[in-house]
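J.: Supplied in structure tokens, the structure appears directly below.
Where a number appears in this text, it was derived from the coordinates with a stated rule and is not lab data. Quick caveat: nothing in here was measured; it's all calculated off a predicted structure. Every residue, glycine as well, gets a Cβ built from its backbone with ideal geometry; the counts of neighbours run over all protein chains shown.
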Amino acid sequence: MNNRSIGLALTGVILAGGVSAGVWAEYETLVEMGYPAPKEGELVHVPPTMEDLEEADLHPELKQVIRRGYDLFTNTQQLRGVNVFNDMNCSSCHLGEGRQPFSGPVWPAAVTLPDFRGKNQHVNNLEERIAGCFAYSMNGTPPIYGSDDMVALSAYHQWLATGVPMYPGQPIYGRGFPRLDEPEQAPDYARGEQIYQEQCAVCHSEDGSGLYQAGEYVFPAPWGDGSNNWGAGISRTFTMAGFVKHNMPLGQPMSLSDQEAWDVALYITSQERPQDPRYTGDVRETRERFADTFHKHTQYGTEREHDGALLGNHGNTGEKGEIRPWNVGMPRFEYLED
Ligand code: HEC
Ligand code: HEC
């Protein structure tokens, strides 16, 4: 696509907070790579970079805290054994330091929360949203609300949203891991396995355990003890399919067909991983409890078609040890009236 057609595609798009032509070039590159162009009425925001932070007119201590938040986001392994019990960094799923469209950019949470969240049935603020990814995606225990680490991470998220109005009211371009259309054929485990072994195993390893080299994390684990647990958003097959299509193989996003993305997503989400922190002690009962919402999109508590294994039927929490309950369904604000 040439620049002119991208210019045309931008008609009617709302540009948040002073986006310069230079920064816009970054987005043009995305469109050239095959990502959808912004649609009319969508809010487009290009978050500031760490270089912009150095130039910004902010209190030096605030800059330090934002740098700390960035460091925690991109090297969350420094909290291993305390808040993180798998092989992930936040940036393992939120690529481009949490800035990248179609890769779950994290700043929208800073301008759309507090809001009601179906996953835990109450109004969440930004800290609680971050805590959710710790509990499930990092198979961890969130830092305490208001602690230095939580404030630093929140500050990083909020600073990325610089210039965007609160509760913007328009759909946000590139938010989340966009949902693909329903596949033409039912996703297929065997086809998914073949794609995985041919295009993914070179980095993520044949058994899904990723790669550690000399004690250093190189590639994350899409399943197994080093991965996210069964309660993580990416264990839903449609979220995995959206993630893979828009982000993988690394460096070749948008190269798989939608069908291939669904197939490989089914393969990955049909592998074992640490127990859902909402586990009641019985996998079928736990599935049933969240069957209308979350687990209708996962393979958890179902029998895997190719070998009949009952997925999630174990008390294995990876490195986390005990199963710690999380705040799902915790009653909040019940004393308030309409
Ligand atoms: C295993 C993958 C994974 C990891 C690791 C992960 N997340 Fe997420 N995160 C997700 C998914 C999936 C979503 C939901 C995206 C969607 O709705 O499409 C999400 C959503 C979010 C959102 C909300 C974004 C929005 O649009 O409102 C924030 C904020 C967030 N994550 C922060 C974090 C932080 C901070 C960490 C590290 C402590 C982290 N995530 C680690 C997968 C992950
Ligand atoms: C060239 C190496 C490479 C290839 C090939 C590759 N990935 Fe990744 N993948 C990565 C890296 C690196 C990350 C983490 C992003 C980061 O740290 O910047 C990642 C992240 C992921 C994640 C989220 C974190 C996790 O482990 O769950 C999934 C899922 C994933 N890749 C699936 C795939 C699939 C499916 C394919 C094949 C279609 C694939 N990858 C091919 C390097 C690769």
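J.: If you add up the charges near residue 190, with Lys and Arg at +1 and Asp and Glu at -1, over every other residue whose beta carbon is less than 11 angstrom from its beta carbon, what do you get?
T.: Cβ neighbours under 11 Å give a net charge of -3.
J.: Using 0.36 nm per residue of separation minus the Cα-Cα distance, give me the extension gain between residue 332 and residue 181 in nm, one decimal.
T.: The residue 332-residue 181 span can extend by a further 50.8 nm.
J.: Could you rank the peptides 156-162, 167-173 by their average count of other C-beta atoms within 10 Å per residue, with the highest value first?
T.: Going by the mean number of other Cβ atoms within 10 Å, highest first, we get 156-162, 167-173.
J.: Would you mind listing how long region 189-318 runs along its three principal axes, going by Cα atoms, in whole Å with the largest first?
T.: So the three principal-axis extents are 40, 36, 25 Å.
J.: Near residue 39, which aspartates and glutamates are there with a Cα under 18 Å away, not counting those fewer than 8 places off in the same chain?
T.: In chain and number order, the partners are 26, 28, 181.
J.: Count the net charge of all other residues whose Cβ sits under 12 Å from the Cβ of residue 311, scoring Lys and Arg as +1 and Asp and Glu as -1.
T.: -1
J.: Two decimals is fine: what is log10 I(q)/I(0) at q = 0.12, 0.20 Å⁻¹ for region 75-129, from a Debye sum with one equal scatterer on every Cα and no solvent?
T.: Relative scattering, expressed as log10 I(q)/I(0), comes to -0.36, -0.88.
J.: Next up: For the residues 129, 67, what sequence is obtained by ranking on other C-beta atoms within 10 Å, fewest first? Numbers along the way, then the final one.
T.: Numbers: 129 20, 67 16.
Final ranking by Cβ density, sparse to dense: 67, 129.
J.: Could you let me know the centre-to-centre spacing of region 148-216 and region 231-286, using Cα atoms, in angstrom?
T.: Rounded to whole Å, the Cα centres lie 10 Å apart.
J.: Rounded to the nearest 0.05, what FRET efficiency do residue 29 and residue 56 have when you use their Cβ-Cβ distance and R0 = 30 Å?
T.: On the way: r = 24 Å, r/R0 = 0.80.
It comes to 0.80.
J.: OK, next. Calculate the dipole size of the chain relative to its Cα centre from +1 charges on Lys and Arg beta carbons and -1 charges on Asp and Glu beta carbons; express the result in debye to the nearest 20. Mind showing how you got there, number by number?
T.: On the way: 25 positive and 46 negative charges, 88 e Å.
Charge dipole, the chain, about its Cα centre: 420 debye, nearest 20.
J.: A further question on this structure: Treating the beta-carbon of each Lys and Arg as +1 and of each Asp and Glu as -1, no other charges, what is the dipole magnitude of region 3-160 about its Cα centre, to the nearest 20 debye?
T.: 460
J.: Something else: Taking the dipole about the Cα centre of the chain, with the C-beta of Lys and Arg at +1 and of Asp and Glu at -1, give me whichever of 333, 77, 101 is farthest to the positive side.
T.: 333
J.: If the reach is capped at under 17 angstrom between alpha carbons, list the aspartates and glutamates near residue 63, excluding any in the same chain fewer than eight residues apart.
T.: Output for residue 63: 51, 52, 54, 55, 71, 97, 148, 149.
J.: Charges on Cβ only, +1 for Lys and Arg, -1 for Asp and Glu, centred on the Cα centroid of the chain; of 118, 139, 312, which one is farthest towards the dipole's positive end?
T.: Selected residue: 118.
J.: Hey, another quick one. Farthest toward the dipole's positive end in the chain, which of 286, 88, 204, given Cβ charges of +1 (Lys, Arg) and -1 (Asp, Glu) about the Cα centre?
T.: Value: 286.
J.: Right, here's the next one. For the chain, what is the per residue volume of the convex hull drawn over the alpha-carbon atoms, in cubic angstrom?
T.: 162
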